[in-house]
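Have a look at the structure below, then the notes.
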Amino acid sequence: MNSPAGVSNIPAASVLIVDDEPGMRSFLQKAMSKRFALVETAESVEEAEELRKRCHFDLLIVDIKLPGRSGMEWHEALEDCNRRSDLIFMTAYADLETAIQALRVGASDFILKPFRLEQMMNAVDRCLERRSIERTNFVLRREVENAFPTTDMIGSSPAIQQVLDVIHRVASTPSAVLIEGETGTGKELAARMLHQLSNRSGPFVPVNCGAISPDLLEAELFGHTKGAFTGANRSREGLFNFAAGGTLFLDEVGEIPLLMQAKLLRALELKAVRPVGSEQEVSVDVRIIAATNRNLKEEVAAGRFREDLYYRLNVLSITLPPLRDRREDLPDLIHHFSVKLSRELGLTPIPFSHDDLKAMQAYSWAGNIRELKNLIERCILLGKLPADYFREQDDSGPKACGSFAGWSLEEVEKHHILLTLEQHQGNKSSSARELGVSRKTLDRKLAAWSQQEQAEPLES
């Protein structure tokens with residue numbers, strides 16, 4: 001029998017059959033084993049629970065009438081499990097009220113005995129297809145939230161060609177990759193390219209570790225059980241589970257707190273995760289790609305990053321060059337963003353003069369490719385290159401003039417702090433760590449400068 005679209009990609013689904021009739025267990029196990037990697041049977045709820053302690057099952061096929069604890073009474077335990085399983089009830093003694101009750105307690109389907117094998121397999125396919133659709137929808141929502149326009153890295157410079165050579169060489173391997181580079185150099189783009197060129201059938205799931213509260217990061221990555229913490233009204237799978245068979249991209253991995261680093265290391269070593277509030281570990285098949293704009297070797301030396309986790313992530317390192325080291329790629333990048341952004345904005349691309357291109361070539365591009373993209377978008381919106389853009393950016397700090405001559409100590413400090421904040425995209429916690437000050441100190445200085453700026457018009 002042919003499977004519906006979307007189901008054929010779940011051959012590794014695990015099935016547990018719970019029925020007190022040996023003939024029914026044998027019949028279903030033989031039929032299911034032809035399609036699924038793991039099929040187990042149990043004659044009672046108690047025996048089924050022992051099996052579930054050792055292994056997660058994607059699908060449970062349960063007879064309602066069982067000796068001791070009935071299948072219907074079992075539904076609350078199933079609802080509270082750390083990783084939801086689809087449930088098909090079957091019975092020889094049922095009326096409409098029983099069927100409605102079974103569906104109300106969370107069953108995915110209800111089969112009346114005796115049944116044809118085709119009926120059962122259709123019900124199984126519907127369950128797995130629904131699970132596949134739910135997982136795909138979850139991943140697509142994250143794709144939209146974290147949309148990156150293309151997986152093509154633009155440029156022909158030796159610096160970027162060297163990166164592309166490494167990506168093509170290691171893409172098909174399961175090895176962990178650590179992508180390093182300044183903010184805005186395209187680390188997520190490189191990660192997406194690694195995934196696209198791999199032979200992994202699962203999705204690419206990105207997560208910005210610096211944007212998630214440390215208190216929620218564990219539940220976000222590993223999932224949680226119902227009632228594991230305040231607000232956990234139902235069990236939820238983590239990003240490791242949603243990335244099954246694919247790639248989990250840990251962006252800003254250097255922002256993960258030390259305690260969570262230990263749990264992440266355990267998950268990577270065992271290839272299993274333990275949802276928050278659960279005693280059961282769930283096996284996961286995920287390739288890890290991590291990225292950081294921090295120097296993790298220095299973080300290890302400072303005691304802010306675990307050395308064992310660093311070596312576990314850094315099986316292979318790819319360092320993305322800053323835009324100032326690949327200026328020969330600027331014409332291709334300018335053309336690419338001009339065409340793409342003008343199409344998205346519904347506006348006409350603007351021509352850049354020779355002087356415009358010379359100014360772009362001479363500019364330092366502290367924000368790298370992200371800054372270039374933002375500038376091109378601004379140019380399209382204004383219909384021209386802002387005349388004072390490069391002068392404002394390059395004359396705004398001592399980097400342009402090569403020294404701090406004429407600057408007060410307070411001005412140097414303010415410039416350095418604001419520049420660090422810009423490089424960390426406004427993330428105060430990571431900026432404070434790089435500056436070597438507390439978050440409270442950083443907040444106090446920013447508040448003082450804000451008050452000064454608000455007071456200046458009144459004093460003039």
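The values are calculated or read from the model by the stated rules, or taken from the named source; none is laboratory data. Remember, it's a predicted structure, so these values are computed and weren't measured experimentally. Reconstructed Cβ throughout: ideal geometry from the backbone, glycine too, with neighbour counts over all protein chains shown.
Here is how the numbers come out for the structure above:
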quantity: Candidates THR292, THR319 - the one that is among the hydroxyl-bearing types (Ser, Thr, Tyr), under 30 Å from TYR363 (Cα atoms), in contact (Cβ under 8 Å) with a residue 24 or more places away in the chain and touching a Lys or Arg at 6+ places or on another chain (Cβ under 9 Å); calculated: THR292
quantity: Subset of the stretch 268-283 [under 16 Å from GLY246 (Cβ atoms) and at pLDDT 90 or above]; calculated: LEU268, LYS271, VAL273
quantity: Test: GLY68 is over 15 Å from ALA107 (Cα atoms), assigned to a helix (DSSP H, G or I) and at pLDDT 75 or above; calculated: no
quantity: Of all residues making up the stretch 21-46, the number that are assigned to a helix (DSSP H, G or I), among the charged types (D, E, K, R) and out of contact with any strand residue (DSSP E or B) (no Cβ under 8 Å at 6 or more places or on another chain); calculated: 2
quantity: Search result, residues across the stretch 175-220 that are without any contact (Cβ under 8 Å) to a residue 40 or more places away in the chain and either polar (S, T, N, Q) or touching a Phe, Trp or Tyr at 6+ places or on another chain (Cβ under 7 Å) (or both); calculated: ASN199, SER213
quantity: Residue match in the stretch 209-217 (condition: assigned to a strand (DSSP E or B), more than 12 Å from ILE289 (Cβ to Cβ) and not small (Gly, Ala, Ser)); calculated: no
quantity: In the stretch 341-355, the residues that are touching a Lys or Arg at 6+ places or on another chain (Cβ under 9 Å) and either surrounded by fewer than 14 Cβ atoms within 10 Å (Cβ to Cβ) or outside any loop (DSSP other than H, G, I, E, B) (or both); calculated: LEU341
quantity: Residues located in the stretch 158-174, provided they are polar (S, T, N, Q) and under 17 Å from LYS187 (Cα atoms); calculated: GLN161, GLN162
quantity: Near pairs, Cβ below 8 angstrom, 6+ apart or cross-chain, from the stretch 221-237 (farther than 15 Å from VAL282 by Cβ) to any residue that is acidic (Asp, Glu) and assigned to a loop (DSSP other than H, G, I, E, B); calculated: LYS226/ASP80; GLY227/ASP80
quantity: Any hit, the stretch 253-260, residues being surrounded by fewer than 21 Cβ atoms within 10 Å (Cβ to Cβ), over 11 Å from the mean Cα position of the chain (by Cα), in the same structural domain as SER172 (by TED's automatic domain parsing) and farther than 22 Å from HIS424 by Cα; calculated: yes
quantity: Selection within the stretch 11-31 - in contact with a Leu (Cβ under 9 Å, 6 or more places away or on another chain) and aliphatic (A, V, I, L, M); calculated: ALA12, ALA13, VAL15, LEU16, ILE17, VAL18, LEU28, ALA31
quantity: SER460 among the small types (Gly, Ala, Ser), in contact with a His (Cβ under 7 Å, 6 or more places away or on another chain) and modelled with pLDDT under 85; calculated: no
quantity: Complete set of residues in the stretch 222-252 that are closer than 22 Å to SER132 by Cβ and among the aliphatic types (A, V, I, L, M); calculated: LEU239, ALA243, ALA244, LEU248
quantity: Hey, ARG324 under 25 Å from GLU218 (Cα atoms) and in a helix (DSSP H, G or I) or not; calculated: no
quantity: Residue list for the stretch 220-243, filter: crowded, with 21+ Cβ neighbours inside 10 Å and either of a type in the set (A, V, I, L, M) or assigned to a strand (DSSP E or B) (or both); calculated: LEU221, GLY223, HIS224, LEU239, ALA243
quantity: Subset of the stretch 266-314 [more than 19 Å from the chain's Cα centre (by Cα) and among the polar types (S, T, N, Q)]; calculated: SER278, GLN280, ASN295
quantity: Among the residues listed as ASN314, ASN241, the single one being closer than 28 Å to GLY367 by Cα and in contact (Cβ under 8 Å) with a residue 60 or more places away in the chain; calculated: ASN314
quantity: The one condition in (1) surrounded by fewer than 22 Cβ atoms within 10 Å (Cβ to Cβ); (2) out of contact with any strand residue (DSSP E or B) (no Cβ under 9 Å at 6 or more places or on another chain) that LEU309 fails to fulfil; calculated: (1)
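The rows are residues; the columns are (1) in contact with a strand residue (DSSP E or B) (Cβ under 8 Å, 6 or more places away or on another chain); (2) acidic (Asp, Glu); (3) at pLDDT below 85.
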position: PRO214; (1), (2), (3): no, no, yes
position: HIS224; (1), (2), (3): yes, no, no
position: ALA232; (1), (2), (3): yes, no, yes
position: GLY238; (1), (2), (3): yes, no, no
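For (1) hydroxyl-bearing (Ser, Thr, Tyr); (2) under 30 Å from GLY426 (Cα atoms), each residue gets a yes or a no:
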position: GLY155; (1), (2): no, yes
position: VAL166; (1), (2): no, no
position: ARG169; (1), (2): no, no
position: SER172; (1), (2): yes, no
position: SER175; (1), (2): yes, no
position: GLU182; (1), (2): no, yes
position: MET193; (1), (2): no, yes
